[in-house]
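One structure is given here, and the rest of the page talks about it.
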Amino acid sequence: MSRVIIFGQRDYAQQAQYYLDNDSPHQVVAFSVTADHCQSNEVFGLPLVPFEEVQERYPPGEFSFFVPMSGRSINRLRERFYNEAKAKGYSLVSYISSRATLCGNTVGDNCFILEQTNIQPFTRIGSN
């Protein structure tokens, strides 16, 4: 089991928390957003930590990261924070629903695969 910090503080981050806590070997321990978006010290019952300071409280060797962003500029922003989390030394987890169908497929890190998803044979899913 890995202890995971989720990047985000809105509904998609809460959804990721639910899936990771209830259908994976991971446990969500905190959320993180950039300091300019950090309006409180807690969200969804867990600590909310400025991304610029996260490694001081949650060392990369002891915690993993998940960046499940959605919405405006999704790909660029997710890629930015995925790369920044990796640069800080974090490993990134993926969530693959126990109710998804995979056929021995290779799946990279920082992927969010929900229930009722069918991944065809011989398909590879890269990271992020």
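The values are calculated or read from the model by the stated rules, or taken from the named source; none is laboratory data. What you see is a predicted model; the values in this text were computed from it and never measured. Positions of Cβ are generated from backbone atoms using ideal geometry, with glycine treated the same way; all protein chains shown enter the neighbour counts. SASA here: full protein model, heavy atoms, side chains in, ligands and nucleic acids out. Shrake-Rupley method; radii C 1.70, N 1.55, O 1.52, S 1.80 Å.
Please determine, by comparing only the residues of segment 83-114 that are out of contact with any Lys or Arg (no Cβ under 9 Å at 6 or more places or on another chain), part of a loop (DSSP other than H, G, I, E, B) and among the hydrophobic types (A, V, I, L, M, F, W, C), which one is farthest from ARG3 (Cα to Cα). Result: CYS103.
Considered as a group, the residues in segment 14-43 that are open to solvent by 70 Å² or more (accessible area, probe 1.4 Å) and more than 13 Å from the chain's Cα centre (by Cα) include one that is nearest to SER2 (Cα to Cα), and that residue is PRO25.
Residues of segment 73-90 being of a type outside the set (A, V, I, L, M), modelled with pLDDT of 95 or more and open to solvent by 60 Å² or more (accessible area, probe 1.4 Å), which ones? Residues satisfying the conditions are ASN83, GLU84, LYS86. Pairs please, first residue from segment 1-29 and over 15 Å from TYR90 (Cβ atoms), second anywhere and of a type in the set (Gly, Ala, Ser) and outside any helix (DSSP H, G or I), Cβ atoms under 6 Å, 6+ apart in sequence or on different chains. Listed by first residue and then by second, the contacts come to TYR12/SER70; ASP23/SER98.
Any residue in segment 49-59 that is out of contact with any helix residue (DSSP H, G or I) (no Cβ under 8 Å at 6 or more places or on another chain), among the aromatic types (Phe, Trp, Tyr) and more than 16 Å from GLN9 (Cβ to Cβ)?
No, segment 49-59 has no match at all.
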